[in-house]
Amino acid sequence: MPFRWNPELKPEEITPEEWFKQRRRLMRSAALVGAGAVLGVDPLAAMEKGGAGLGEVRPGVVTLNEKQTSFQDASGYCNFYELGSGKEDPARQAATLVTRPWSVWIDGEVGRPGRVTLEELLKPHPLEERVYRMRCVEAWSMVIPWVGFPLAELLKRFEPGPKARYVAFETVLDPERLPGQKRELLPWPYREGLRLDEAMHPLTILAVGMYGRVLPNQNGAPLRLVVPWKYGFKSIKSIVRISLTTEQPVTSWNAHAPSEYGFYANVNPAVSHPRWDQSKERRIGEFLRRDTLPFNGYGDQVAGLYAGMDLTRDF
Amino acid sequence: MQRLQRYGWLSGLIPLVWLVLGVWQNTLGANPVERLIRVSGDWALWWLLLTLAISPLRHLTGWSGWNRWRRPLGLLCFFYALLHVTCYGVLEHFFSWEGIWRDLLKRPYITVGFCAFLLLLPLAITSTRGWMRRLGNRWGRLHLLIYPAALLVIGHYVLMTKADYRMPLLHAGVLGGLLGWRVWYVITYRIM
């Protein structure tokens, strides 16, 4: 699809001149440290390699009265097995993940299947800042200000068909850019999935940034899912395919160890895990562990999705 | 040389100093508690493997001087294991016996790791000259407990691993080599 000039461009959609200049300066300095960025030590440099900034973001669409995790911790301590299995590996390895050009397949039970460039995918969606809790299945948690937009808005654009019941996601498969894929720790590419009503829930977003900046590569640039009431592994990173399906899709950790990682993977202090006590969590930056809340504290909004289900069985 | 034998074990406290400085200056990363528990556990395992390496080294080099290092290495292993267990009890559970008990029942790697620690405990207590004298022949038999303890430690490592088994398997391989050498030694020299 060729780039089209948008005649309906509104004044507030135009990047202010000062931002444009600043972006230019950042890009120039990023070019200077380009060689250094190959080492991936500086998340900012790695991020700016991606190119354009975020442009306009609606602040405070979802807020949270809890202390935010530092950018340094949120970008320096994460799980992204394709960039290494240690939690500090992804930040070190980040520069191998080249995120431009990037395109996403949207297919399956949709009225308008096809492949879109990242720019086309993002264009109609105003970006919002949403501060969410993030609870990893490994019993640690963070509070992260994401920048993104509701997944529902994107799915509606591609017109889900009447038979669509689930949404399947795939991370890019490219062992050169994601060297962790050279070893079969998990069946690659990483796959995740949601029930359609979970995917359409207003809390479910696709994120392109955090802390007001473009997503660092190790956090799933350029496009990732964020489902705040589920364990972090559900929030798949670096997405290249979104398929609407009739059957429950295969998901990576569930396929790896079905007794440990369920398809739903809702944060649930009542369901024990053989390695982690799920009734408590360590909030990064805090000393003592705190109690884990059902649905990660989003029960009021999402518990209704699971009415009548036994969540100790469908964990 | 004599001084090295006397004070050499102090170098085993370097990882502890590094950890204490790390806590002090907040350089242990985003999750310092996890780092403390991991690093103390790693060192307990490494000292254990070094302790088990003494006999093969003595045999290979023909130098009996290695023997003097066995007790300090074993005690360093126990010291780091104690640090590991203490960090877990205090920083992870903050003395919540209920929480620890639940872990012991529900998390196999904790059960196995705790059993390993229980086996190391009498070995540390009876490491003195006085206990060696008192126990006589039985001292050697008691200290065979290091073998089941080492196997349990490796089991603990494997069970706590999420998907990437390279490190636990590497350590299992080293332990396998050290135990395999003993099997070979016993068979070759018909000790039993």
Worksheet, complete the sentence: Taking the dipole of the protein assembly as shown about the Cα centre (Lys, Arg +1; Asp, Glu -1; charges at Cβ), the one of B:LEU36, A:TRP105, B:TRP46 that reaches farthest to the positive side is B:TRP46
Practice prompt. Only counting protein heavy atoms at a 1.4 Å probe, give the residues of the range A:170-214, ordered by number, whose accessible area falls by 30 Å² or more when the other protein chains are present relative to the chain alone.
Written response: A:ARG183, A:LEU185
Worksheet item: Dipole magnitude of the protein assembly as shown about its Cα centre, charges +1 at Lys/Arg Cβ and -1 at Asp/Glu Cβ only, in debye to the nearest 20?
Response: 2520 debye
Worksheet item: Any idea how far apart A:GLU176 and B:ILE191 come out in nm if each label point goes 7 Å out from Cα toward Cβ?
Response: 5.6 nm
Worksheet item: Based on the inverse mean of 1/r over its pairs of different Cα atoms, what is the Kirkwood hydrodynamic radius of the range A:11-306, in Å?
Response: 19.5 Å
Response to the item:
Output field shielding_mean for A:281-289 (other chain Cβ, 10 Å radius) holds 3
Worksheet entry | Rounded to the nearest 20 debye, dipole of the range A:95-189 from Cβ charges on Lys, Arg, Asp, Glu | 120 debye
Worksheet item: Which whole-number value in Å² is the accessible area per residue of the protein assembly as shown, probe 1.4 Å?
Response: 51 Å²
Practice prompt. Run the quick spin-label model on A:GLN68 and B:LEU10: label points 7 Å from Cα toward the beta carbon, then report their separation in nm to one decimal.
Written response: 4.9 nm
Response to the item:
Magnitude of the Cβ-charge dipole (Lys and Arg +1, Asp and Glu -1) of the range A:11-306 about the Cα centre, nearest 20 debye, reported as 340 debye
Discussion item. Place a point 7 Å from the Cα of A:GLN301 along the Cα-to-Cβ direction; which residues of the range A:188-229 have their backbone N under 12 Å from it?
Written reply: A:201-206, A:226-229
Item to complete: Would you kindly state how much longer the chain becomes between B:ILE125 and B:LEU82 on full extension, computed as 0.36 nm times their sequence separation minus their alpha carbon distance, in nm to one decimal?
Response: 14.2 nm
Worksheet item: Size of chain B along its principal axes in angstrom, Cα-based, largest extent first?
Response: 50, 38, 36
Worksheet item: How are the Cα pair distances of the range B:95-149 distributed, in percent, across 5 Å bins from 0?
Response: 4, 18, 21, 17, 12, 10, 10, 7, 1
Practice prompt. Give, in whole angstrom and from largest to smallest, the semi-axes √(5λ) of the equivalent ellipsoid of the range A:239-293, with λ running over the eigenvalues of the Cα gyration tensor.
Written response: 28, 14, 10
Discussion item. I'd like to verify something in chain B: which complete DSSP H helices, judged by Cα projection on the helix axis, reach 15 Å or more and average at least 0.0 on the Kyte-Doolittle scale?
Written reply: B:14-25, B:32-61, B:70-87, B:108-125, B:146-160, B:166-189
Worksheet item: So which of A:LYS87/A:LYS280; A:LYS237/B:LYS106; A:LYS163/A:LYS230; A:LYS87/B:LYS162 end up more than 23 Å apart by C-alpha?
Response: A:LYS237/B:LYS106; A:LYS163/A:LYS230
Response to the item:
Chains A and B: accessible area buried, summed over both chains, 1.4 Å probe, nearest 100 Å², reads 2100 Å²
Discussion item. Testing the spin-label approximation: label points 7 Å from Cα along Cα→Cβ at A:LEU311 and B:TYR147. State their distance in nm.
Written reply: 5.0 nm
Worksheet entry | Taking the C-alpha atoms of the range A:92-172, convex hull volume expressed per residue in Å³ | 144 Å³
Practice prompt. Take peptide B:101-110, look around each residue's Cβ out to 10 angstrom, count Cβ atoms belonging to other protein chains, and average those counts.
Written response: 3
Response to the item:
When the charge dipole of the protein assembly as shown is computed with +1 at the Cβ of Lys and Arg and -1 at the Cβ of Asp and Glu, the Cα pointing farthest to the positive end, of A:ALA265, A:GLY304, B:SER55, is that of B:SER55
Fill in: Furthest towards positive pole of dipole, A:THR251, A:GLY60, A:ALA139, structure part the range A:11-306, Cβ charges
A:ALA139
Practice prompt. Could you please state how large a percent of the accessible area of the protein assembly as shown is carbon and sulfur, counting protein chains only and using a 1.4 Å probe?
Written response: 61 percent
Worksheet item: In vacuo Debye scattering of the protein assembly as shown, one point per C-alpha: log10 I(q)/I(0) at q = 0.13 Å⁻¹?
Response: -1.27
Item to complete: Would you mind classifying the range A:204-315 by shape? Square roots of the alpha carbon gyration tensor eigenvalues, ordered a ≥ b ≥ c; an a/c under 1.5 is rounded, otherwise it is prolate if a/b is larger than b/c and oblate if not.
Response: oblate
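The values are calculated or read from the model by the stated rules, or taken from the named source; none is laboratory data. Only a predicted model underlies this, so the values are computations on that prediction, with no experimental measurement involved. Note: ideal-geometry Cβ built from the backbone for every residue, glycine included; neighbour counts use all protein chains shown. Keep in mind that these areas ignore ligands, DNA and RNA; they rest on the heavy atoms of the full protein, side chains included. Shrake-Rupley method; radii C 1.70, N 1.55, O 1.52, S 1.80 Å.
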